[in-house]
1. So which residues in segment 48-72 are in contact with a strand residue (DSSP E or B) (Cβ under 6 Å, 6 or more places away or on another chain), farther than 20 Å from Leu139 by Cβ and part of a loop (DSSP other than H, G, I, E, B), if there are any at all?
2. Return the pairs, sorted by first residue and then second, in which the second residue is among the β-branched types (Val, Ile, Thr) and not in a helix (DSSP H, G or I), the first residue lies in segment 366-391 and is within 20 Å of Tyr342 (Cβ to Cβ), the beta carbons are less than 6 Å apart, and the residues are 6+ apart or on different chains.
3. Here is a list: Glu276, Glu249. Which entry is buried (at least 16 other Cβ atoms within 10 Å of the Cβ) and of a type outside the set (S, T, N, Q)?
4. Could you check, for segment 384-391, whether at least one of its residues is among the basic types (Lys, Arg) and in the same structural domain as Arg278 (by TED's automatic domain parsing)?
5. Pick out the one residue from Val132, Val102, Val198, Val122 that is part of a helix (DSSP H, G or I) and free of Cβ contacts under 8 Å to residues at least 24 places away in the same chain.
6. Identify the single condition in (1) buried (at least 24 other Cβ atoms within 10 Å of the Cβ); (2) part of a helix (DSSP H, G or I) that Glu82 does not satisfy, given that it satisfies every other one.
7. Confirm whether Thr167 is surrounded by fewer than 21 Cβ atoms within 10 Å (Cβ to Cβ), more than 26 Å from Leu267 (Cβ to Cβ), among the hydroxyl-bearing types (Ser, Thr, Tyr) and modelled with pLDDT of 95 or more.
8. Please verify whether Gly305 is outside the structural domain of Tyr108 (by TED's automatic domain parsing), touching a strand residue (DSSP E or B) at 6+ places or on another chain (Cβ under 6 Å), part of a helix (DSSP H, G or I) and under 24 Å from Ile288 (Cβ atoms), treating the condition exactly as stated.
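The values are calculated or read from the model by the stated rules, or taken from the named source; none is laboratory data. What you see is a predicted model, and the numbers here were worked out from it, not measured in a lab. Note: ideal-geometry Cβ built from the backbone for every residue, glycine included; neighbour counts use all protein chains shown.
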Amino acid sequence: MAIADSIAKVESFVISIPRDVPYLGALRTGETVNERGYFVRKGNRSVYPRTDMSVLVKVTSKSGAVGWGETYGIVAPGAVIEIIDDLLGPIMTGRDPRDPGVLHEDLYDLMRVRGFFGGYFVDALAGVDIAVWDLAAKLAGAPLARLLGGIRETRIPAYVSGLPKPTLVERAAMAQAWIAKGFDAVKFAAAVADDGEVAEMKALRAAVGPKPKIMCDMHWKWTALQAIKLIDAMDAHDLFFAEAPCQPEDIDGQAHVASSVRTSVALGEEWRTAYEYRPRFIRRCMDIIQPEMGHTGVTEFMKIGRMAEAFHCKVMPHASIGIGIFQAASLHAAAALPNVPYHEYQHSIFDKNLRYVSGDMRCESGFFHLPSGIGHGVEPAADVWQHAVKR
């Protein structure tokens, strides 16, 4: 019988890694960085940090074993830190780390009656959940994917996300360069498509030729009717999927778009639980889902992925700003699911920050390589701590 172990300590850290070029590309006219280091993209009215901001979570067991997690902390990371340090960590102390699913459910229940079934509370829960799963897998001496049902693939197809160049000509050339490196799919961002989505789509198709897949992240910019018109126009150039065509709370609009266009609709990076996905599945709002490990954690990610299977939807996980911890967990979860044709590859973040994690995780020639070893396969490297924010 295995020797009993328990959680002894939970720690959290804010990491802020400088960027030469802001996320999604150079700032446009009227976009400025404020005194807190944030700026608003005029193209989608969303706020972003000037640096790559993330929250790391370290869970240490009584035996000295360590699990690492990471969560979405790109704005106001102090909110996530406070929830972990003041609430989740102390309640987790003394619990058995080999019961990550049970622990996740118990922690989720803490604030359910107060309406905190989303937002920063669930982001904080995602970070500790990833860490506990990593710890549980290490204590079992197994890769995380094996605990999640088994390893189906050790290479996961990747699509190139974002073309952060200032002009359309340069973005088209960048897309062409990625295809030349062995990738077969690219996605552009409507928020920085300065000449409009249709012009962007047309130029990219001309650059890469007829075979590669092209996706458009529409960044929730449009009403349902506007989105349908735009998607139809882009589909003339063989659009592979339209992501986030209308506002995330507009379930009726999402369903209307999905039932009215001839291309796939992808949704879900901003949803954190199976409860948020369920009504969209029922309404057939999409046929591709994009769960973000930094929002969901491992437990909810797998619930969502299995639910997608039941509704015959594909899973193409979202990849947000981070150092690579939740990216590794996302790859392990993706490797355990049967319906994952692609994983998003945020090259401007992943490649730059790969030096800040140990392990053999990488993306090359069109594929992510599943990190080897036990747990989710990566840990923070020594260099990352120079970017820890003092508290």
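1. Hit for segment 48-72 is Thr51, nothing else.
2. Final answer for the pair search is Phe368/Ile156; Leu370/Thr154; Pro371/Val378.
3. On the way: Glu249 fails: buried (at least 16 other Cβ atoms within 10 Å of the Cβ).
Result: Glu276 is the single residue among Glu276, Glu249 that is buried (at least 16 other Cβ atoms within 10 Å of the Cβ) and of a type outside the set (S, T, N, Q).
4. First, the residues of segment 384-391 that are among the basic types (Lys, Arg): 390-391.
From the residues that got through so far, the ones that are in the same structural domain as Arg278 (by TED's automatic domain parsing) too are none.
Within segment 384-391 (the criterion being among the basic types (Lys, Arg) and in the same structural domain as Arg278 (by TED's automatic domain parsing)), the answer is no, since none of the residues qualifies.
5. Numbers: Val132 fails: free of Cβ contacts under 8 Å to residues at least 24 places away in the same chain; Val198 fails: free of Cβ contacts under 8 Å to residues at least 24 places away in the same chain; Val122 fails: free of Cβ contacts under 8 Å to residues at least 24 places away in the same chain.
Result of the check over Val132, Val102, Val198, Val122: Val102.
6. Against the list (1) buried (at least 24 other Cβ atoms within 10 Å of the Cβ); (2) part of a helix (DSSP H, G or I), Glu82 comes up short only on (1).
7. Considered against the rule, which asks whether it is surrounded by fewer than 21 Cβ atoms within 10 Å (Cβ to Cβ), more than 26 Å from Leu267 (Cβ to Cβ), among the hydroxyl-bearing types (Ser, Thr, Tyr) and modelled with pLDDT of 95 or more, Thr167 comes out as yes.
8. On the way: outside the structural domain of Tyr108 (by TED's automatic domain parsing): yes; touching a strand residue (DSSP E or B) at 6+ places or on another chain (Cβ under 6 Å): yes; part of a helix (DSSP H, G or I): yes; under 24 Å from Ile288 (Cβ atoms): yes.
Criteria met by Gly305.
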